[in-house]
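The values are calculated or read from the model by the stated rules, or taken from the named source; none is laboratory data. Computed from a prediction, not measured in an experiment: that's the story for all the values here. Ideal geometry is used to build each Cβ from the backbone, glycine not excepted, and the neighbour counts take in all protein chains shown.
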Amino acid sequence: MRIIIPMLCGLLAAGSAYADAPDTLTPPNGNIIYSPNCTTGGLGTLFGIVIPQNPSAAYQWMGPNGFSTGQQSFTVPDTGWYYLIVTANNCPSFPDSVHVQYFNPPMVEAYTSSPFYCPAEDSIRLSATSNSPLIFWRRLLPNGNYSYIGSGAEAYISGNLLGNVMERILVSTNGAYGCEALDTVTLMRQGIVTPSTPVLDCPGDSLSLSVTGDGAFSWNTGDTTAVLHTIADSASLFAVTVTDANGCTTMGSQAVYIQNGAYVSLRAFPQAICAGDTVLLQAAGGSAYLWENDDTTGSISLALLHSDTIGLTITTPEGCIVDKTITLVAHPLPVAPSVSCDALYESLTYHWIAVPGLAYAAEFLSGPEGQWLSDSSLLASGLMPGQESVIILQVTDSLGCRSSVEARCQTAKCMLEANLEPIGPICLEPNAPSISLSATVSGSLLPGQGYWTGTGADSTLATFSPAIAGAGSHQLIYRYIEGPCQVADTLEAHIDMPLSEALIQCDSTPNSVIFNWPQLPQDSLYELSIQSGQTGQALSDTTFLVVGLMPGEAVILQAIAHGAAPCGLVSVVKECRAENCRTASPPTSRLICPGKSVELAPVYLEGAVYQWSPATGLSCSDCVAPIASPDTTTVYEFTITEANGCIRTGSMTVAVGELPDQLLPDTLWACAGQPFYFCLPDEGYYRWRTPQGQYQFLSCLYFSQALPSDAGHYWADVRLPGLCRFEKEFVLAIDESPDCGP
């Protein structure tokens, strides 16, 4: 393929003072426009343009398989790359190119969950399927314009933005080479009522009214269908409420008229009567009336013994003949029911079988006023046990027809008796289980409530706990309450407490142990022996002494108690220990300047013997607090021997003019993310220098939260009151492992 490279075009400006300078021209812009077959995805037409426009421009095309042409536009013969160079004024343009190929034409199809929309709905969902991800939604306006809704396979529009009876939503998608596909969905506004005819010829004619929408329909006539089939005796307004699946509600209405304003009506006064009462039938809207009993007046009165249907023919002034019927209901007098009673101590419940449609009222002739529980039961409360109540029950139907009956009832009397199951003597053994308490009540009428009181009694579980009650005699009282009635009875429980390990107490010194326990009422003798090899003596019937022990030495005593039932013979083993040697707070290390002294004072214990080593630099090696004047850093060991044989040992470091490893190691470790403290003896003035050149001035190096950035070389600078100064370099390392901790 031959490639054409545009060259800089130049002309000499003849007759110009600057004829020796070249004049440059801007090359034209040659562009390709490709119009494929967007319907099939097939090959289309290539068209060349030049900017600025030039009718004399020449077009040179090159394509696949040696294709070339000088036409401005042509139908593409084959797929592949096509190149265009446009020459104007002898200047060629830069090449423009396009790759022509077959493609899948764009396709889009729109959907909506319902062909109706509710103006009050927050969000109406639109969806589309397409072979392109570029999907756009627009609402077509009546004036031919459109408003943009959104993009994507789904779009939502608020119902309050829509208002036309019919709304058209356009969806489009873009494909290759700028091809576009379109589809449209139509939404009808919910609640539009359309009559079969808005004007009827005569009263009583039939018509139908339909309403747009999906969901639930509620007409002012009581109908619930989407299409209402009815008749009109006069000009009427038919209204409907439509509620869609999303709960959005709209209302619509339609007025229906009759030619010349004609109308007819037939009404009964009252609408319903009791058997034997008189009803007035009144007609209107006609010029002539004919009742089925041949009466021709506009109204008639009838006495009914039973329900009946009355017919009437009405002739309007316009000549319309309308047949009307009306059904009259003559209710028979209601039958008074049979009344029964349920009696409790303070209330009575009257029962009867209620008949639907009947109303019941009661008049109390004896006793307090009652309370309605339902239309078939009445509660009379506030009575005394054995009191009588008398009522008159009145029964009324929907038309006011009434009958009555008298009923008498009496409340129940108190007949309660309690019977308790006794419990035998109890020995309060360790972990003694609770004992069930049992009570039965006879003469009960209602579910009542019984409860136990007394030390150790658990009323909820109906149990008695000897461990809670303790030794001795206890009264357990059972009370049962049933409404206004109650009964009570008492149960006696006796508990003996056996000798136990917990009852034997220990008093000890580093060299002796005293066992002591209480004298229990049921025990007559205590047999004692030492099981751990020592010897001792009884100080009393309930006290035993063992002496000559080492600090912390254990002594095991066996005590056998000889007692009466229910505990009997009880053997107990108790271990006690001589008091251990006391502990004291460890001494603190000290910092001094060379040639200075410091007092060593670990702890003072009266009567104790002290020994210090080494003796080098000490004022004394067997006193409580010697004065130390070492030349170099020295670790002093001490031993304290108490009068009771207890021995304590320890050490303290006296650092002379330096920070030895005992006080400040070469490497300190800190846990990442945790607080860090490291303290030296508070002897003078401190300055800690961090790797970042920052300073801290207390005796402790402190971080509220150690971070990896805190790691590095640190310097501790100490100045003592004796005006000596020394420093030490050390490393702070950060442990970032998750299990790092103190």
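Taking the stretch 322-342 as the range and being surrounded by fewer than 14 Cβ atoms within 10 Å (Cβ to Cβ) and not in a loop (DSSP other than H, G, I, E, B) as the test, the residues that pass are D323, T325, T327, S340, D342.
Only residues that are under 53 Å from the mean Cα position of the chain (by Cα) and either over 23 Å from A457 (Cα atoms) or of a type in the set (S, T, N, Q) (or both): list them for the stretch 486-500, please. Hits for the stretch 486-500 are Q486, T490.
Restricting the first residue to the stretch 696-714 and requiring it to be on the phi > 0 side of the Ramachandran plot, which pairs with a second residue that is surrounded by 13 or more Cβ atoms within 10 Å (Cβ to Cβ) and among the hydroxyl-bearing types (S, T, Y) meet a Cβ separation below 9 Å and a spacing of at least six or different chains? Filtered contacts from the stretch 696-714: G712/T690. Screening the candidates G286, G261 for the property of being more than 60 Å from the chain's Cα centre (by Cα) and surrounded by fewer than 19 Cβ atoms within 10 Å (Cβ to Cβ) yields one hit, G261. Listed by position, the strands (runs of 3 or more DSSP E) inside the stretch 73-154 whose residues that are without any contact (Cβ under 8 Å) to a residue 24 or more places away in the chain, of a type in the set (S, T, Y) and surrounded by fewer than 16 Cβ atoms within 10 Å (Cβ to Cβ) number at least 2 are 146-151.
Where residues in the stretch 570-602 are assigned to a loop (DSSP other than H, G, I, E, B), at negative phi and more than 60 Å from the chain's Cα centre (by Cα), which of them is modelled with the lowest pLDDT? Selected residue: P602. Whether a residue is assigned to a loop (DSSP other than H, G, I, E, B) and outside the structural domain of Q611 (by TED's automatic domain parsing) was assessed, and L701 does not pass this test.
Listed conditions (1) among the hydrophobic types (A, V, I, L, M, F, W, C); (2) in a strand (DSSP E or B); (3) buried (at least 17 other Cβ atoms within 10 Å of the Cβ); (4) in the same structural domain as E553 (by TED's automatic domain parsing) are all met by V487, apart from (4). Annotation note: Cβ proximity below 6 Å between a residue of the stretch 452-470 that is farther than 22 Å from Q486 by Cα and a residue that is aromatic (F, W, Y) and surrounded by 13 or more Cβ atoms within 10 Å (Cβ to Cβ) (sequence gap 6+ or interchain) occurs for G456/F464.
Select from the stretch 624-659 the residues that are without any contact (Cβ under 8 Å) to a residue 24 or more places away in the chain and within 28 Å of T509 (Cβ to Cβ) and write down the one among them that is surrounded by the fewest Cβ atoms within 10 Å (Cβ to Cβ). Checking each candidate, the answer is T649. Restricting L393, L428, L437, L445 to those that are in the same structural domain as D375 (by TED's automatic domain parsing) and in contact (Cβ under 8 Å) with a residue 40 or more places away in the chain reduces the list to L393. Within the stretch 300-312, being surrounded by 15 or more Cβ atoms within 10 Å (Cβ to Cβ) and outside any loop (DSSP other than H, G, I, E, B) holds for I300, L302, I310, L312. Taken over the stretch 499-556, the criterion of being over 16 Å from V572 (Cβ atoms), of a type in the set (S, T, Y) and either surrounded by 19 or more Cβ atoms within 10 Å (Cβ to Cβ) or touching a Leu at 6+ places or on another chain (Cβ under 8 Å) (or both) is satisfied by S508, S512.
Among the residues of the stretch 276-290, count how many are over 13 Å from L302 (Cβ atoms) and assigned to a loop (DSSP other than H, G, I, E, B). Full working, then the answer.
Of all residues in the stretch 276-290, those over 13 Å from L302 (Cβ atoms) come to 283-290.
Checking which are assigned to a loop (DSSP other than H, G, I, E, B) leaves us with 285-287.
So the count comes out to 3.
Would you point out the residue of the stretch 669-696, among those that are of a type in the set (G, A, S) and in a loop (DSSP other than H, G, I, E, B), that is surrounded by the fewest Cβ atoms within 10 Å (Cβ to Cβ)?
Let us first name the residues in the stretch 669-696 that are of a type in the set (G, A, S), namely 670, 672-673, 684, 693.
Filter once more, keeping what is in a loop (DSSP other than H, G, I, E, B): 672-673, 684, 693.
Numbers: A672: 17, G673: 13, G684: 18, G693: 6.
Going through the qualifying residues, I end up with G693.
Quick grid of which residues meet (1) within 30 Å of M384 (Cα to Cα); (2) of a type in the set (S, T, N, Q); (3) under 48 Å from the mean Cα position of the chain (by Cα):
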site	(1), (2), (3)
S438	no, yes, yes
G443	yes, no, no
Q449	yes, yes, yes
A457	no, no, yes
A462	no, no, yes
G470	no, no, no
H474	no, no, no
R479	yes, no, yes
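Among the residues making up the stretch 422-434, a single one is closer than 23 Å to L499 by Cβ, surrounded by fewer than 15 Cβ atoms within 10 Å (Cβ to Cβ) and touching a strand residue (DSSP E or B) at 6+ places or on another chain (Cβ under 7 Å): P425.
Each row is one residue, and each column tells you yes or no for (1) within 22 Å of V322 (Cβ to Cβ); (2) surrounded by fewer than 18 Cβ atoms within 10 Å (Cβ to Cβ).
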residue	(1), (2)
V211	no, no
A216	no, yes
T224	no, yes
D244	no, no
C248	no, no
Y257	yes, yes
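Anything in the stretch 435-460 that is surrounded by 15 or more Cβ atoms within 10 Å (Cβ to Cβ), at pLDDT 90 or above and more than 16 Å from Q475 (Cα to Cα)? List them, or say none. If the condition is that a residue be surrounded by 15 or more Cβ atoms within 10 Å (Cβ to Cβ), at pLDDT 90 or above and more than 16 Å from Q475 (Cα to Cα), then V441, S444, G448, G450 are the ones that fit.
Residues to consider are S93, S151, S130; find the one that is in the same structural domain as N31 (by TED's automatic domain parsing) and either farther than 29 Å from I33 by Cα or modelled with pLDDT of 90 or more (or both).
Details: S151 fails: in the same structural domain as N31 (by TED's automatic domain parsing); S130 fails: in the same structural domain as N31 (by TED's automatic domain parsing).
The conditions single out S93.
Scanning the stretch 589-621 for residues that are over 19 Å from P660 (Cα atoms), of a type in the set (A, V, I, L, M, F, W, C) and surrounded by 15 or more Cβ atoms within 10 Å (Cβ to Cβ) yields V603, L605, A608, W612, L618.
Determine, yes or no, whether D323 is in contact (Cβ under 8 Å) with a residue 40 or more places away in the chain and not polar (S, T, N, Q). So D323 passes the test.
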